Every structure is written in C-alpha cells, then in structure tokens.
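Take a look at the structure set out below.
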Amino acid sequence: MAKELYKLPPLKFGYADLQPYISEEQLRIHYDKHHQGYVNNTNSLLQMMDKARKENTDFDYKTAAKSLAFNLGGHVLHSYFWWEMTPASNASKEPVGELAEMIKEDFGSFERFKKEFSQIASSVEGSGWAALTFCNDTKRLGIMQVEKHNVNLVPDFPILMDIDVWEHAYYLDYKNERGKFIDAFWNILDWEEIDKYFRKVQKYGTE
C-alpha cells in the first residue's frame, strides 16, 4: 500500500487579500516557491528512504534525518502561518475568548504580550520564527524562538500561532526592515480561529 505524501495546504484567502500588509507578489513567491519547496524536499526524502528500505540498501542516515527535520519543520511552521492569517477587514485587533483571558493572566495585558512576542521575533538570529506555545502540564503560555525550522523547538509544546522572520517572508515588501513586517503582521491575525484552536489544545492536546 502506497504511503501518503505531504501536500501544500490550501490558502483560505486570495493572493491579493492580505494587502497592504503582505503584497500579492510576496505571498505568491513565499507560498508557491518557498513553502512548496519544503513540501517537495520532504516528499523526495521520504520516497528515497522508502526505496532504500524496500531494496535493503543504505543511505546517509544523519544527513537524511537532519534534512527531513529541516524541510518537514518548514512545512509545518508555514502551515500554521497561512492558517492563522486573514484579510485585515476580517481580522480582530486583539485576542478574543479564552486565549485573551490567558494572555492577560500570563502576560498582564495584550500590549505586554505583543511587545514580548515582537521583541523575540525581531531578535531571532539569522533565519527563523517566533511562536506562541502552550504547556498543558503547567497551563502556561510561552513564546519560543525557532532558528531555521528545527532548532530551539520545545518538545510537546503545541504552537498556537507563529511568525516567519526569514527574509523570504518580507524582503520584497519591507527590504531588510524586519520590524516593519512584524508590526504589519498584527493587522492580519484571525484571533477567533486561534482561540478556537487554543480551546481544542486545552481539551484534547494536539491530537
């Protein structure tokens, strides 16, 4: 029986719908080229490993494992990134529901959370991400810095939202001004959907 391969997740908005915060050209290149590249690389690695196992031959295990973590991590993190955004006309300016209450409890206010998240995102060394996470053991929110796609991840901490601060995410629109992109990002978040996911994570974990 043939195993399933990974696919690029469909966008829930049009290429031009995140303007003026993310341009159509920027979105097309990021989604169609960069994210698709991570999906293609992941599938190629899986097919190579499947073939080697079927034929009982060896491959470079260390290189394959590292490359798979990098490319599959890129696919997963980008999938969260597209899912959490929405056109500005539909976006809520601040978190809602249980997530809003938890942010206030853990950070003191949304403005404090926004400040911390933005600073953590802007200070990622080189290429990477910032992500809001939740620990079901301690019932605490946290913010992770993720270098590349696979370094500094906290095991078993589900991601609630993230931001891509690789230059490919913003260079066409903002050149080297990462901070301006991060400021723009807050205008296109679908906090209602993020809150729904947060409630699901609290109840069922990440399954």
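The values are calculated or read from the model by the stated rules, or taken from the named source; none is laboratory data. None of these values were measured; they are calculated from a predicted model. So basically every Cβ, Gly included, is an ideal-geometry build from the backbone, and we count neighbours across all protein chains shown.
Kindly establish whether Asn90 is part of a helix (DSSP H, G or I) and either in contact with a Gly (Cβ under 7 Å, 6 or more places away or on another chain) or farther than 14 Å from His168 by Cα (or both).
On the way: part of a helix (DSSP H, G or I): no; either in contact with a Gly (Cβ under 7 Å, 6 or more places away or on another chain) or farther than 14 Å from His168 by Cα (or both): yes.
Taking the combined requirement at face value, the residue does not satisfy it.
From the list Val39, Val76, pick out the single residue that is of a type in the set (Val, Ile, Thr) and either touching a helix residue (DSSP H, G or I) at 6+ places or on another chain (Cβ under 6 Å) or over 28 Å from Ala169 (Cα atoms) (or both).
On the way: Val76 fails: either touching a helix residue (DSSP H, G or I) at 6+ places or on another chain (Cβ under 6 Å) or over 28 Å from Ala169 (Cα atoms) (or both).
One residue alone meets the criteria, Val39.
Can you pull out the residues in the stretch 113-145 that are touching a helix residue (DSSP H, G or I) at 6+ places or on another chain (Cβ under 7 Å), in a strand (DSSP E or B) and touching a residue at least 40 places away in the same chain (Cβ under 8 Å)?
Answer for the stretch 113-145, where residues must be touching a helix residue (DSSP H, G or I) at 6+ places or on another chain (Cβ under 7 Å), in a strand (DSSP E or B) and touching a residue at least 40 places away in the same chain (Cβ under 8 Å): Trp129, Phe134.
Out of the residues in the stretch 1-32 that are over 23 Å from Asp183 (Cβ atoms) and of a type in the set (A, V, I, L, M), state the one that is modelled with the lowest pLDDT.
Met1
Check the stretch 178-185 and report whether any residue there is touching a Ser or Thr at 6+ places or on another chain (Cβ under 7 Å) and either among the acidic types (Asp, Glu) or crowded, with 19+ Cβ neighbours inside 10 Å (or both). Spell out the reasoning first.
Restricting attention to the stretch 178-185, the residues satisfying the condition of being touching a Ser or Thr at 6+ places or on another chain (Cβ under 7 Å) are 178-179, 182.
Next, from what is left, pick out any that are either among the acidic types (Asp, Glu) or crowded, with 19+ Cβ neighbours inside 10 Å (or both): 178, 182.
Within the stretch 178-185 (the criterion being touching a Ser or Thr at 6+ places or on another chain (Cβ under 7 Å) and either among the acidic types (Asp, Glu) or crowded, with 19+ Cβ neighbours inside 10 Å (or both)), the answer is yes, since at least one residue qualifies.
Taking the conditions exactly as written (surrounded by fewer than 17 Cβ atoms within 10 Å (Cβ to Cβ) and touching a residue at least 24 places away in the same chain (Cβ under 8 Å)), does Asn90 satisfy them or not?
Working: surrounded by fewer than 17 Cβ atoms within 10 Å (Cβ to Cβ): yes; touching a residue at least 24 places away in the same chain (Cβ under 8 Å): yes.
Here the answer is yes, as Asn90 does meet what is asked.
(1) over 29 Å from Phe134 (Cα atoms); (2) touching a residue at least 60 places away in the same chain (Cβ under 8 Å): which one isn't true of Val96, the others all being true?
All conditions are met except number (1).
Name the residue that is surrounded by the fewest Cβ atoms within 10 Å (Cβ to Cβ), counting only residues in the stretch 107-144 that are touching a Leu at 6+ places or on another chain (Cβ under 9 Å) and within 16 Å of Arg199 (Cβ to Cβ).
Going through the stretch 107-144, the residues touching a Leu at 6+ places or on another chain (Cβ under 9 Å) turn out to be 107, 113, 117, 129, 131-135, 141-144.
Next cut, within 16 Å of Arg199 (Cβ to Cβ) only: 132-135, 141.
On the way: Leu132: 25, Thr133: 19, Phe134: 21, Cys135: 13, Leu141: 19.
Out of the qualifying residues, it is Cys135.
Just one of (1) touching a residue at least 60 places away in the same chain (Cβ under 8 Å); (2) within 21 Å of Val76 (Cα to Cα); (3) in a loop (DSSP other than H, G, I, E, B) trips up Asp162, so point out which.
Every listed condition holds for Asp162 apart from (3).
How many residues are without any contact (Cβ under 8 Å) to a residue 24 or more places away in the chain and assigned to a helix (DSSP H, G or I) when one looks only at the stretch 13-31?
Final tally of qualifying residues: 3.
Could you check, for the stretch 68-82, whether at least one of its residues is more than 20 Å from the chain's Cα centre (by Cα) and either without any contact (Cβ under 8 Å) to a residue 24 or more places away in the chain or part of a helix (DSSP H, G or I) (or both)? First the steps, then the outcome.
Taking the stretch 68-82 as the starting set, the residues that turn out to be more than 20 Å from the chain's Cα centre (by Cα) are none.
No, the conditions are met nowhere in the stretch 68-82.
When the stretch 95-112 is examined, which residues are found to be more than 19 Å from the chain's Cα centre (by Cα) and part of a loop (DSSP other than H, G, I, E, B)?
Across the stretch 95-112, the qualifying residues are Val96, Gly108, Ser109.
Of everything in the stretch 103-141 that's β-branched (Val, Ile, Thr) and either modelled with pLDDT of 95 or more or not assigned by TED's automatic domain parsing to the domain that holds Trp166 (or both), which residue is farthest from Ala169 (Cα to Cα)? Before the answer, list the steps.
We begin by selecting, within the stretch 103-141, every residue β-branched (Val, Ile, Thr); these are 103, 120, 124, 133, 138.
Still in the running and either modelled with pLDDT of 95 or more or not assigned by TED's automatic domain parsing to the domain that holds Trp166 (or both): 103, 120, 124, 133.
Details: Ile103: 26, Ile120: 17, Val124: 14, Thr133: 21 Å.
Per the stated criteria, the residue is Ile103.
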